[in-house]
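Inspection log for the structure reproduced underneath, given as structure tokens.
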Amino acid sequence: MIASRETIFALSSGAGRAGVAVIRLSGPRSGAVLCALLGRDTMPKPRHAIYAPIRDPKSHERLDDAVAIYFQGPASFTGEDVVELHVHGGRAVIEGVLDCLSRQDGLRVADPGEYTRRAFENGKMDLTSAEGIADLIDAETAAQRRQAVRQMAGELGTLYEGWRARLMKALAHIEADIDFPDEDLPDGIVPVVHGDLRAVNDEVKRHLTDNRRGERLREGFQIVILGAPNAGKSSLLNRLAQRDAAIVSEIAGTTRDMIEVHLDLGGFPVTMVDTAGLRESGDVIESEGVRRATERAENADLRLVVIDRSDWPNIDPEAARLIDDKTLILINKVDATDSSAIPASWQGTSVDGRVLELPVLPISAMTGQGMESLLQLLETRVKEGLDFAGPVPLTRLRHRRALESASDHLDRGLQTDIAELAAEDVRLAVREIGKITGRVDVEDLLDIIFGDFCIGK
Ligand SMILES: Nc1nc2c(ncn2[C@@H]2O[C@H](COP(=O)(O)OP(=O)(O)OP(=O)(O)O)[C@@H](O)[C@H]2O)c(=O)[nH]1
Ligand SMILES: [K+]
Ligand SMILES: [Mg+2]
């Protein structure tokens with residue numbers, strides 16, 4: 001526990017008018033400041049709500065009638081003395097209380113993420129749980145919330161700490177072998193240690209080859225809408241977003257920049273991207289739009305290729321280049337013509353020569369025809385891409401990098417017969433995993449990790 005820290009304060013609830021706002025203090029002066037605001041000499045009983053007027057200790061002006069709770073450290077979120085003031089959520093009330101707090105001795109405004117950082121530094125949680133809190137605050141869909149709650153509750157931390165403990169045990173065996181080569185250690189200890197190392201390494205590798213489910217769930221499933229100019233891409237985006245997010249016109253080349261909307265499909269986050277119609281263009285701006293569209297499509301989780309009914313079954317060569325097994329073909333404007341001749345699937349080959357059979361859906365972005373089937377299919381694809389059963393998946397590039405590095409060290413350690421070399425590799429792997437949970441020197445990382453939080457968290 002870090003002693004004699006500054007006492008920090010901040011608005012912990014959202015900005016703007018609300019019924020109630022929560023202002024939080026953490027640090028050694030919290031209790032004394034609360035007494036000053038309440039005009040009392042004795043500390044309130046911890047974890048009991050008090051409803052009372054709060055006054056500026058100097059001017060005695062009544063700022064609000066508030067509910068105050070005192071949490072005595074270490075039984076608090078940060079592990080320090082914490083005070084929560086539940087005030088009326090009006091701008092002037094909040095500003096008045098924050099202004100009054102800023103004038104109290106030894107108090108300062110909290111930095112972004114400082115409450116959670118103090119909780120980590122005081123041993124209240126490991127780094128993966130702290131990151132889980134950040135994800136929970138950012139969660140926009142039910143699936144994101146579920147993943148973040150599991151991480152916050154320590155599922156990832158427990159998994160990684162478990163691997164670290166097993167590696168440390170193996171390391172102790174190798175070191176014993178080095179230090180006491182003549183002792184009567186059981187024969188064949190090295191093969192046993194090898195088996196343990198290999199088992200952990202296999203688990204780490206399996207965890208790494210998860211198709212980036214956990215990371216993609218945080219980022220959102222990327223769906224890119226592609227097709228020739230005027231195929232109706234922007235009309236489709238607007239229909240899916242249920243608002244006029246993109247400009248629609250009969251002029252080919254209307255969309256140039258990418259337009260993104262965020263959707264919740266069956267509890268999963270989706271980023272839907274409308275793009276410039278694919279064609280060779282003499283216009284520099286339009287060509288840049290086409291370049292960006294192509295690039296974005298290449299990195300997408302799913303591509304929707306929109307084809308005008310009157311062009312079908314011809315697929316524009318620019319769009320055809322981007323077709324692979326992560327593609328759906330949408331025949332648009334079926335309101336204008338007869339759609340009975342449209343087949344349910346399309347057979348063809350991808351640019352790299354693979355034989356493909358892709359779903360074909362007749363739709364009308366104008367009337368909404370076919371939208372229900374499209375949404376159902378999208379939901380299935382998104383679920384396949386992001387849903388998971390079993391242990392909580394890897395959620396961050398930071399964790400991935402450390403685990404990749406740990407696994408590299410283990411690969412090397414498993415290849416050598418020299419105990420000293422194996423020991424060094426295992427030691428490095430232990431360190432890498434320790435960095436994820438914050439067990440080893442991560443001081444340099446903390447500013448980056450907690451800088452992503454907002455003030456008051
Ligand atoms: N009849 C009919 N017209 C449609 C449908 N979808 C789009 N349109 C019309 O087709 C024209 C082009 O639509 P957009 O949505 O702008 O097409 P786009 O693919 O985004 O075009 P660019 O951005 O220029 O590449 C507009 O006049 C739309 O009203 C449809 O389902 N049925
Ligand atoms: K257009
Ligand atoms: Mg458009």
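Take Lys326 and Leu208, extend 7 Å from each Cα along the Cα→Cβ direction, and tell me the distance between the two endpoints in nm.
2.0 nm
Angle check, please: helix 91-102 long axis (alpha carbons) against the longest principal axis of the chain (alpha carbons), in degrees 0 to 90, nearest 10.
Here the helix axis deviates by roughly 40 degrees.
Can you tell me the orientation of helix 189-208 relative to the chain, as the angle in degrees between its alpha-carbon axis and the longest Cα principal axis, to the nearest 10?
60 degrees
For Asp411 and Ala341 in the same chain, what is the full-extension length gain: residue separation times 0.36 nm, less their Cα-Cα distance, in nm?
Gain in length upon complete extension: 19.6 nm.
Nearest 5 is fine: what % of DSSP beta bridges in the chain come out antiparallel, could you say?
Working: 36 of 58 bridges.
The answer is about 60 percent antiparallel.
Does anyone have the angle between helix 284-298 and the longest principal axis of the chain? Alpha-carbon axes, 0 to 90°, nearest 10?
Approximately 70 degrees, to the nearest 10.
So, in nm, how far is label Glu404 from label Thr158 when the simple model puts each one 7 Å beyond its Cα toward the Cβ?
2.9 nm
Out of the range 61-160, which GluC sites (Glu not before Pro) are coil in DSSP terms and have no more than 16 other C-beta atoms within 10 Å?
Those satisfying the criteria are Glu61, Glu140.
Please state the relative contact order of the chain as a whole percent: Cα pairs under 8 Å, 6+ residues apart? Display every interim value, and only then the final one.
On the way: 820 pairs, mean separation 75.0, N = 457.
Once divided by the residue count of the chain, the mean separation gives 16 percent.
How far apart, in nm, are the 7 Å Cα→Cβ label points at Glu250 and Asp65?
6.6 nm
Starting at the first residue of the range 210-227, write each ³J(HN,Hα) from the Karplus equation 6.51 cos²θ - 1.76 cosθ + 1.60 with θ = phi - 60°, in whole Hz, x for Gly and Pro.
Karplus-based 3J(HN,Hα) across the range 210-227 equals 10, 6, 6, 3, x, 5, 5, 5, 5, 7, x, 6, 8, 10, 10, 8, 10, x Hz.
Quick one: compute the contact order of the range 50-94, relative version, from alpha carbon pairs under 8 angstrom and 6+ residues apart, as a percent.
30 percent
Given that compact globular proteins tend to follow 2.2 N^0.38 Å, what is the ratio of the alpha-carbon Rg of the range 329-424 to that value?
The range 329-424 yields a ratio of 1.95.
Student exercise: in the chain, how many lysine pairs 8 or more apart or on different chains have Cα atoms under 19 Å apart?
7
Evaluate E = 1/(1 + (r/R0)^6) for Glu357 and Leu428, where r is the Cβ-Cβ distance and R0 equals 56 Å; express this FRET efficiency to the nearest 0.05. Before the final figure, lay out each step's value.
On the way: r = 47 Å, r/R0 = 0.84.
Using R0 = 56 Å, I get an efficiency of 0.75.
Given all pairs of different Cα atoms, what value in angstroms does the Kirkwood hydrodynamic radius of the chain take?
26.5 Å
Every read-out reported here was derived from the displayed coordinates using simple, explicitly stated rules and does not represent laboratory data. Owing to the predicted nature of the structure, the values given are computational and were not obtained by experimental measurement. Note that we place each Cβ from the backbone using ideal geometry, even for glycine, and neighbour counts take in every protein chain shown.
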